[in-house]
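First comes the structure, then the notes that go with it.
The values are calculated or read from the model by the stated rules, or taken from the named source; none is laboratory data. As the structure is a prediction and not an experimental result, all values here were calculated from the model. Glycine also receives a Cβ, built like all others from the backbone with ideal geometry; neighbour counts cover every protein chain displayed. Side chains are part of the model used for accessible areas, which takes the heavy atoms of the whole protein and leaves out ligands, DNA and RNA. Shrake-Rupley method; radii C 1.70, N 1.55, O 1.52, S 1.80 Å.
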Amino acid sequence: MDISVVIPLFNEEESLPELAAWIERVMKEHDFSYEIIFVDDGSTDNSWKTIHELSAANPAIHGVSFRRNYGKSPALNTGFAIAGGDVVITMDADLQDSPDEIPELYRMIVRDGNDLVSGWKKKRYDPLSKTIPTKLFNATARKVSGIHNLHDFNCGLKAYRNEVVKHIEVYGDMHRYIPYLAKNAGFDRIAEKVVQHRARKYGVTKFGLDRFVNGYLDLATLWFTGRFGAKPMHFFGLLGSLMFVVGLIAVMAVGFGKLYNMYHGNPYTLVTDSPYFFLSLTMMILGTMLFLTGFIGELIVRNSPDRNHYEIKEKI
């Protein structure tokens with residue numbers, strides 16, 4: 001099979017028939033063998049009924065329905081698990097992504113040899129309250145991930161080699177960082193394509209401004225796990241050791257200061273009367289706790305069944 005189209009959705013019953021017909025037309029025009037996988041993320045409208053009707057009319061259309069709303073990342077991960085096409089393409093169900101982009105996305109994977117191609121909605125039909133935070137978010141993601149050629153990490157229109165989606169786990173709200181997940185898994189041939197962004201035709205957006213706050217927290221999580229997930233002692237141990245040493249030096253400075261004044265007959269106060277003494281002790285305690293955190297993290301990693309699981313590209 002050439003292409004699997006994975007479409008997560010939540011309450012999009014109005015757009016589904018038009019989207020399915022559009023994808024079918026594009027596939028037939030380019031003679032692609034394909035499947036469409038709708039993942040209904042606990043919709044409360046008639047989306048699942050509509051998917052049933054579409055599947056009955058076209059055997060290439062499949063569906064998965066969650067019992068409740070879990071989020072876009074679990075929906076994508078479920079779709080990735082059952083996708084059988086050589087190239088997997090994701091898009092949103094709200095008709096803001098154009099299926100006419102599919103042939104070029106497919107070509108960039110198959111002929112250009114990319115692992116992942118991410119869409120870039122260069123011209124957006126969104127309010128400033130959404131576009132400005134998006135620009136700041138993407139700038140931060142480029143800096144942290146090191147993927148400097150992407151302008152729109154969160155674009156729903158993406159294409160992947162099948163091998164990529166089988167080797168990444170999309171959980172929580174990590175769908176925003178699929179290129180970063182792919183890079184951490186060893187798939188670094190990542191390209192970008194300017195795609196058309198269409199105004200929403202039906203319904204309303206399902207995402208609020210809280211996604212930007214959550215996005216930064218998820219980015220910090222990915223950065224830490226990608227860099228220190230297999231060696232937590234290198235982070236917590238180093239930071240804890242530095243804090244402990246600085247605190248110890250500060251305590252010694254307070255103590256030697258008192259001894260110096262006593263020896264030379266200068267006025268002096270009790271060590272416990274100095275706020276620096278308690279600050280120093282606090283640093284030493286925090287440093288010890290951070291070091292122990294790294295030590296416990298190392299014990300957990302060493303007992304993980306995946307501690308020696310490495311992705312092998314090929315053998316000869």
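Run the numbers for LYS201 and ILE249: contour at 0.36 nm per residue of separation, minus the present Cα-Cα distance, in nm. Walk me through the intermediate numbers first.
Working: separation 48, 0.36 × 48 = 17.28 nm, distance 6.50 nm.
Result for the pair: 10.8 nm of gain on full extension.
Roughly what % antiparallel, to the nearest 5, for the DSSP beta bridges in the chain? Don't skip to the end; give the middle numbers.
On the way: 8 of 29 bridges.
So the antiparallel bridges amount to about 30 percent of the total.
Would you mind telling me which residue in GLY79, GLY287, GLY186 has the biggest mean-square fluctuation in a Gaussian network model of the chain, where springs connect alpha carbons within a distance under 10 angstrom?
GLY287
Which cross-chain or sequence-distant (5 or more) residues have an amide H under 5 Å from the amide H of HIS62, H modelled 1.01 Å from N in plane?
ILE36, ILE37, PHE38
To the nearest 500 deg cm²/dmol, what mean residue ellipticity at 222 nm is calculated for the chain from DSSP H runs of n ≥ 4 alone, each contributing -39,500 (n - 2.57), summed and divided by the residues? Don't skip to the end; give the middle numbers.
Working: 10 runs with 153 residues, N = 316.
Only helices count here, giving -16000 deg cm²/dmol.
Using alpha carbons only, how many degrees (0 to 90, rounded to 10) separate the axis of helix 210-228 from the longest principal axis of the chain?
With both axes taken from Cα atoms, the answer is about 70 degrees.
Please give the FRET efficiency for VAL110 paired with MET289, using the beta carbon to beta carbon distance and R0 = 45 Å, rounded to the nearest 0.05.
Working: r = 52 Å, r/R0 = 1.16.
Step by step, r from the Cβ atoms, then E = 0.30.
Provide the per-residue ³J(HN,Hα) series for the range 64-70, in order, calculated from phi with Karplus coefficients 6.51, -1.76, 1.60 and θ = phi - 60°, each as a whole number of Hz, with x at glycine and proline positions.
For the range 64-70, the Karplus-derived couplings read 10, 10, 7, 5, 8, 7, 9 Hz, x marking Gly and Pro.
Which of rounded, prolate or oblate describes the range 1-141 when judged by the alpha-carbon gyration tensor and an a/c cut-off of 1.5? Before the final figure, lay out each step's value.
On the way: a/c = 1.62, a/b = 1.11, b/c = 1.46.
Here the range 1-141 falls in the oblate category.
Send over a whole-number figure in Å² for the accessible area per residue of the chain, probe 1.4 Å.
I get 55 Å² per residue for the chain.
In the Gaussian network model of the chain, springs joining C-alpha atoms below 10 Å, which of PRO267, PRO99, PRO179 carries the largest mean-square fluctuation?
PRO267
Please say if the chain is rounded, prolate or oblate, where rounded means a/c under 1.5 for a ≥ b ≥ c the square roots of the C-alpha gyration tensor eigenvalues, and otherwise the choice is prolate for a/b larger than b/c and oblate otherwise? Can you show the working numbers first?
Values: a/c = 2.94, a/b = 2.42, b/c = 1.22.
The shape class here is prolate.
What does the extension gain come out to for GLU163 and ILE132, with contour length at 0.36 nm per residue minus their alpha carbon separation?
Working: separation 31, 0.36 × 31 = 11.16 nm, distance 3.43 nm.
Separation in residues times 0.36 nm, less the Cα-Cα distance, equals 7.7 nm.
Percent of accessible area on the chain owned by carbon and sulfur, 1.4 Å probe?
Working: 10310 of 17260 Å².
Roughly 60 percent, rounded to a whole number.
Compute the acute angle (0 to 90°) between the alpha-carbon long axis of helix 47-57 and the principal axis of greatest extent of the alpha-carbon atoms of the chain; round to the nearest 10°.
Helix 47-57 sits roughly 40 degrees off the main axis of the chain.
Take the alpha carbon gyration tensor of the range 149-304, find the square roots of its eigenvalues, order them as a ≥ b ≥ c, and report rounded if a/c is under 1.5; if not, report prolate when a/b exceeds b/c, else oblate. Don't skip to the end; give the middle numbers.
Working: a/c = 4.10, a/b = 2.56, b/c = 1.60.
Prolate is the answer for the range 149-304, as a/c is 1.5 or above and a/b outweighs b/c.
Given springs between every Cα pair under 10 Å in a Gaussian network model of the chain, which of LEU292, LEU76, LEU16 has the largest fluctuation?
Comparing LEU292, LEU76, LEU16 in a Gaussian network model of the chain, the most mobile one is LEU292.
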